[in-house]
Amino acid sequence: MTKEVNLKTKEKDNFDNEEIKLFLIYTIIGIIALIARLFFISFEGNDYILFLQPWFDKIKENGGILGIKSYDGDYEPLYVTILALLTYAPISSLLSIKIVSIIGDYILAFSCAQLVGILAKDKKNVEKFKIITFAIILFLPNVVINASMWAQCDSIYTAFIILAFCKLFEKKYNKMFVFLGIAFAFKLQTILILPLFVTLYFAKKDFHWYQFLIIPVMLVVCALPAICVGMPFSKIFTCFFTQVSEYSEYYVLNFPNIYNILVLRNLPLESKDIMKIGVVITLFIDFLIFIFTLKNKERLNNENIILLSIVFLTIETFLLPKMHERYLFVGEILSVIYAITYLKNFVPTIWLNFQAFIMYLIVLSYKFDKFYFQFNRRFKCKNSFLTIFSLIFAMVVLYYLIYYVCNLKKNKNLSKEWIKE
């Protein structure tokens, strides 16, 4: 009896020591990542100068929370509510906005580590994989720049999408749709990942069609504070379309997709029909992938689900018009998760994140922007730089598509992985 008690005490002590060790590791990584972000904390990008700061000041001048009704921008009501709350903080608008975005980085890193822990087959080394994931996500240049330099909130909505994936693999579908709804409430670009969940509904039938209704319910719930103080209800659903119409003169904005290649070949991009064709082609290819997946649904294991999400996101951002430099952010993060979990596809993963980093520099760095224009002038084409990146991205898109098709075909019935591990 005494031996059993001593054994249990020893096991508890070992567990406590392991927990302390993990806590210290995560803390050290987190502190170093924070220090790295402090180098950019005072940087003011065009988005902050032209949009975030004026919106912040206008809301503050009109009474903070009550000033939400005076807001005339194109951000979602939930984020506007956060901006309104930040007006009460005794610090500058730049610092307060970036603090929220940086917190989003840490939520994203923890959620990615959690997802890798769920997916990892090597349970003995799962904590190592989680720590590696946490560190890599926090130190990805595009993640660091997005929040601490650009003051954007892509990490926040992406974190909720990753949490939705966690609940997907844990078969907690109500929570999955709640997280998707919150992601939508931050960024309506979440719609780009929706084809995956529609495909899974038809392929797996593990959740009900009416659970999709949780998404609009969460959109409304998250917008209620803003609506209660005077923001129009229609603002919940019109933000994305407002963003699109604001840049009506552009087919693509600082993103390497097919429209840069079309410009190089001097095709008649003045016609709005080109945009309609792009949307139709994208939907058609998504539909073909949907049909192919249904025909091979017995092989749709965890690995192929992550692959399928990357396939949808890369194809959509490559073919859809009006894409911006940050619209593949979720795909970039998922590619990292896939590479770490399955130790595959390192080259396309590195390229996607490198590509994002370069696109960010075009927008944010004067020196790189100068090089960008000199490069284009040398090759006598205003779009030559982006065209080169677009062609490489096209190969990456094609690679992921072919890899997914082959991976789904070669695996025999692996759907048993569709369980909480």
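In this structure, is ILE132 farther than 25 Å from LEU288 by Cα and modelled with pLDDT of 95 or more? Yes; evaluated as a whole, the condition is true for this residue.
Quick check, is GLN355 modelled with pLDDT under 80, among the polar types (S, T, N, Q) and in the same structural domain as LEU334 (by TED's automatic domain parsing)?
Judged against the criteria, GLN355 is not a match.
Restricting attention to segment 177-207, which residues are farther than 28 Å from LEU83 by Cβ, touching a helix residue (DSSP H, G or I) at 6+ places or on another chain (Cβ under 9 Å) and either touching a residue at least 12 places away in the same chain (Cβ under 8 Å) or in a loop (DSSP other than H, G, I, E, B) (or both)? Within segment 177-207, PRO195, LEU196, PHE197, VAL198, THR199, LEU200, PHE202, ALA203, LYS204, ASP206, PHE207 qualify. Taking segment 20-53 as the range and being among the hydrophobic types (A, V, I, L, M, F, W, C), part of a helix (DSSP H, G or I) and under 20 Å from ILE91 (Cβ atoms) as the test, the residues that pass are LEU34, ILE35, LEU38, ILE49, PHE51, LEU52. The single condition among (1) within 30 Å of LEU138 (Cβ to Cβ); (2) in contact with a Ser or Thr (Cβ under 8 Å, 6 or more places away or on another chain) that THR314 does not meet is (2).
Yes or no, residue by residue, for (1) of a type in the set (A, V, I, L, M, F, W, C); (2) within 24 Å of LEU219 (Cα to Cα):
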| site | (1), (2) |
| --- | --- |
| GLU44 | no, no |
| GLY64 | no, yes |
| SER70 | no, yes |
| ILE91 | yes, no |
| LEU95 | yes, no |
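Of the residues that make up segment 109-127, is at least one touching a Leu at 6+ places or on another chain (Cβ under 6 Å) and of a type in the set (A, V, I, L, M, F, W, C)? Yes, segment 109-127 has at least one match. Considering (1) farther than 18 Å from ALA36 by Cβ; (2) touching a residue at least 40 places away in the same chain (Cβ under 8 Å); (3) not basic (Lys, Arg), the lone condition that GLY104 does not fulfil carries the number (1). Contact map, segment 384-400: residues that are touching a residue at least 40 places away in the same chain (Cβ under 8 Å) and within 15 Å of SER335 (Cβ to Cβ) paired with residues that are among the polar types (S, T, N, Q) and part of a helix (DSSP H, G or I), Cβ distance under 8 Å, separation 6+ or inter-chain. Pairs shown: ILE392/GLN355; PHE393/THR314; PHE393/GLN355; VAL396/THR314; VAL397/THR314; TYR400/THR314.
LYS98 satisfies every condition listed in (1) farther than 22 Å from LEU38 by Cβ; (2) crowded, with 24+ Cβ neighbours inside 10 Å; (3) charged (D, E, K, R) except (1).
The values are calculated or read from the model by the stated rules, or taken from the named source; none is laboratory data. Model, not experiment: these values are computed from the prediction. Here Cβ is always computed from backbone atoms with ideal geometry, including for glycine, and neighbour counts include all displayed protein chains.
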